[in-house]
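Structure, as structure tokens:
The values are calculated or read from the model by the stated rules, or taken from the named source; none is laboratory data. Quantities reported herein were computed from a predicted structural model and do not represent experimental measurements. Note that each Cβ is placed from the backbone with ideal geometry, even for glycine, and that neighbours are counted across all protein chains shown.
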Amino acid sequence: MNNFKQLKDFLTKNRFPILWFFLLSFAISLTFPTGFSIRYSYQLNDIANEPIIAPFDFGILKTEQKLIKDLDEAKKSVPFSFSRDQDFVDDQIASIDTFFIYLNDIYSSHELFISSQDSLYKYRYEPEFESFQTSFIADSTTYVTLYNEFLDQYQFQIKKDQWDQLLGINESLAEPINLEIFKNQVKQICLNRWAEGIIDEPLTNILSSEISIVQGGELLIAPTKNYNDIESAWKKNKEEVNLIYENDVDIKTILSYELINEFTKPNIIFDKELTESRQKERLDRVSRFQGTVLANELIVDTNNRITDSVLLKLKSLRFESERRLGYEKAADKFREYLGAFFVVSILLFLLFSFFYIYRGDYFENHKILVLIGFLMYSIVFFSWIIINYQFPVYIIPIAMFSILITVLLDTTVALISSTILILLISLLIGNDLDFAIIQFIIACIAIFSVRKLRKRRQIIATMITLVFCSLFVFFSVMLFKGIDFLDYNYSTVGYLALASFLCPILSFGLVPLFESFFGITTDLSLIELLDYDQPLLKKLMEDAPGTHTHSVKVGTLAESCANAIGARALLCRVGSYYHDIGKIKKPEYYAENQTGENKHDSISPHISAKILKQHVTDGISLADEYGLPKIVKDFIETHHAKNRMEFFYQKALTNADNPESVDESEFRYPGPKPNSKETGIVMIAEAIEAQANSIKNPTLEKFEKMIDKAIRSRLEDGQLDECPLTMADLQKIKGRRDGKHGLIPVLSGLYHSRPEYPSKDD
């Protein structure tokens, strides 16, 4: 019963990690191939570890290049479909007739206008003048109206002065244009083009050497080159016009060419839907195979190299196996995917178990679990795309995953997660041992390169390192396998180098996005917080210089302690710099900022305790105002834990008539207690630095006693109960006289006694 209760409590407490585990296992397993696909997955120049015999007859797939060529030829063999539109030609002829009728009307109205104008001038002094004036107005109005309507209706690329010459208005021509002859010339040239046939598609867009034309219910197949597109039709128009007028700069030539082109429109119309339908039918008949492998035929024997032809047969076998799987019973298909689910679950179980046992803080942090799961699934899904579209597997950005996890979390998590990811992808692409070895080494190098990332320019060094090491590892593996340099797939080498080059760039570009979305503070962000141009630090230096000096010293102590136990030293320094920012509000009430009178001497210990406690809440308020990350705010809340303000508590007891009436909780800080190694270190370092200033004639013996007393009092008071610091850690934090890290070596440097130098008077 007790075991059942423990299991129930575990499941209740960890509902999200468990649900996330199963969801991730299910999602990743869906990308996995079947057993057939895994068994028959090899890369070029691999050595077969077993004889592979065809279990059934299957066709050999064409190579991608061969298939593309055959499909292209099949598509070109289908004549593009058109229909000849005779009704359109008739309409265009009618339009030409209408156009010239309009021209004749304008010509006639212009003649009447000129005649009325002449009569008006001739009879300007005669009694009939008014009658002629009326006629002139009517004729001029008719002419202008017709002329403007004509220009509005026919928006041809012809200038007004050219129209005037055509209409006989501009008398610059030696002889007027005969509109009837002109009309017949235009019609004849247009009819010539329509008789030849003008298609409404550029010839360059027609893939087929022949086209099919439906005309009058009959189908005609003819060479494509026998027909014109609009550009070739215009070219022929110009040649015919030049033959008639023999002068390509003559106004008649220009007008003829422009008018003919305006009326020359396609009369053979492209049937796109019919053409595409016929192309599809033809493409569907193109065979995807170029030979056959019979059942029980040996494809490759044990210890034989995988050549191009063998690889193609294995690919074909895999294709046929997966096709047949689609026709198998649902139970058989389910069995295949269930196996994939179990394999994936086992690997992910190892990862989640690591978090639960060694990284409990990460296991309980849902955002971190989602981050790792999201990145892992993204890489797996990308790998699935790579495999299905037959891209080189070495462009899979596993190094990017390793870099991101290292920068965002830590190296140990990155190493474990990357290992699990590499195993998953190696299974996904078909048990490729070479891939697993190469990618594991590259991942380790990537993790090592960015483990202590402090400056963004380190990206350049990481890129160079990864490219060089990836190439070295690849050639080393090939040499180990005994493959001749001439047999190397150098395109694979190029893709590997490209991935190694791009992964750091992509990683560093994504870091700010993940920082913001998942609430993670990286070392790069922490370094930015150490800049003295940060508004809050600058305010601390200006308003509370003593507190700032105290914080810097605490940072030096805390960083050394963190290095002693392998904690995040940079985080400890940043947390130390900001832990006392609440003192900015009332700096004069803190000893390090006082230069004379102690303000606490004139107020009650109760008020003093209230003021001191307030610097914690004021610090949180300022942190929120200036946008400090939560990981830094934790130091503000925990640097005093729930310690008792011993001086003011004892003072209150002394002043009280009844000591029992003094409420001890009034003299304790609000907390909470430190819950990480880093916050625990800063709490200890803060207390030690404050006490070290009060020691007269400091010696190492006095420092040791002070440290022992401070740590022991906090242990006895339970202030370290929620902190993962061990007794061994506390001993390392204390440090040794001959050591480099810990409190004692730093204190001896900060507060060592100095020799007295003789003055001028001596």
Review point. Of everything in the range 3-21 that's hydrophobic (A, V, I, L, M, F, W, C) and more than 27 Å from the chain's Cα centre (by Cα), which residue is farthest from Ile385 (Cα to Cα)?
Key: Phe4
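Every residue, every condition in (1) aliphatic (A, V, I, L, M); (2) surrounded by fewer than 18 Cβ atoms within 10 Å (Cβ to Cβ), yes or no:
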residue	(1), (2)
Asp580	no, no
Lys585	no, yes
His600	no, no
Leu612	yes, no
Review point. Just one of Phe474, Phe485, Phe468 is at pLDDT 85 or above and either among the aromatic types (Phe, Trp, Tyr) or surrounded by 13 or more Cβ atoms within 10 Å (Cβ to Cβ) (or both); which is it?
Key: Phe468
Point to revise | Residue that is farthest from Val407 (Cα to Cα), among those in the range 417-438 that are in a helix (DSSP H, G or I) and among the small types (Gly, Ala, Ser) | key: Ser426
Practice item. Could you figure out which of (1) in contact with a Pro (Cβ under 8 Å, 6 or more places away or on another chain); (2) surrounded by 19 or more Cβ atoms within 10 Å (Cβ to Cβ); (3) not aromatic (Phe, Trp, Tyr) isn't true of Leu421? Key: (1)
Practice item. Return yes or no: is Asn228 modelled with pLDDT of 85 or more, in the same structural domain as Asp72 (by TED's automatic domain parsing), surrounded by 15 or more Cβ atoms within 10 Å (Cβ to Cβ) and under 29 Å from Asn104 (Cα atoms)? Key: no
Review point. Out of curiosity, is Ile636 hydrophobic (A, V, I, L, M, F, W, C), within 20 Å of Glu559 (Cβ to Cβ) and either surrounded by 14 or more Cβ atoms within 10 Å (Cβ to Cβ) or modelled with pLDDT of 85 or more (or both)?
Key: yes
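Listed here are the residues, each with its yes/no results for (1) in contact (Cβ under 8 Å) with a residue 60 or more places away in the chain; (2) buried (at least 18 other Cβ atoms within 10 Å of the Cβ).
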{"position": "Phe88", "(1), (2)": "yes, no"}
{"position": "Asp91", "(1), (2)": "no, no"}
{"position": "Asp97", "(1), (2)": "yes, no"}
{"position": "Gln117", "(1), (2)": "no, no"}
{"position": "Tyr121", "(1), (2)": "no, no"}
{"position": "Tyr125", "(1), (2)": "no, no"}
{"position": "Glu130", "(1), (2)": "no, no"}
{"position": "Asp139", "(1), (2)": "no, yes"}
Check your understanding: Of the residues Phe363, Phe349, Phe354, which single one is over 19 Å from the mean Cα position of the chain (by Cα), surrounded by fewer than 17 Cβ atoms within 10 Å (Cβ to Cβ) and part of a helix (DSSP H, G or I)?
Key -> Phe349
Point to revise | Flag for Asp533 being touching a Leu at 6+ places or on another chain (Cβ under 6 Å) and either surrounded by fewer than 19 Cβ atoms within 10 Å (Cβ to Cβ) or modelled with pLDDT under 90 (or both) | key: no
Review point. Does the range 184-203 contain at least one residue that is under 54 Å from the mean Cα position of the chain (by Cα), in the same structural domain as Ser81 (by TED's automatic domain parsing) and in a helix (DSSP H, G or I)?
Key: yes
Exercise for review: Can you give me the number of residues within the range 516-555 that are in a helix (DSSP H, G or I) and either touching a helix residue (DSSP H, G or I) at 6+ places or on another chain (Cβ under 6 Å) or of a type outside the set (S, T, N, Q) (or both)?
Suggested key: 27
Exercise for review: From the list Lys236, Lys225, pick out the single residue that is in a helix (DSSP H, G or I) and either without any contact (Cβ under 8 Å) to a residue 24 or more places away in the chain or small (Gly, Ala, Ser) (or both).
Suggested key: Lys225
Check your understanding: Is the range 375-396 home to any residue that is at pLDDT below 95, farther than 30 Å from Ser491 by Cβ and part of a helix (DSSP H, G or I)?
Key -> no
Exercise for review: Find all pairs meeting these conditions: Cβ atoms under 7 angstrom apart; at least six residues apart or on different chains; first residue within the range 408-422 and touching a residue at least 24 places away in the same chain (Cβ under 8 Å); second residue of a type in the set (Lys, Arg) and surrounded by fewer than 20 Cβ atoms within 10 Å (Cβ to Cβ).
Suggested key: Thr411/Arg451; Val413/Arg359
Check your understanding: If you take the residues in the range 54-86 that are among the acidic types (Asp, Glu) and free of Cβ contacts under 8 Å to residues at least 12 places away in the same chain, which one is surrounded by the most Cβ atoms within 10 Å (Cβ to Cβ)?
Key -> Asp72
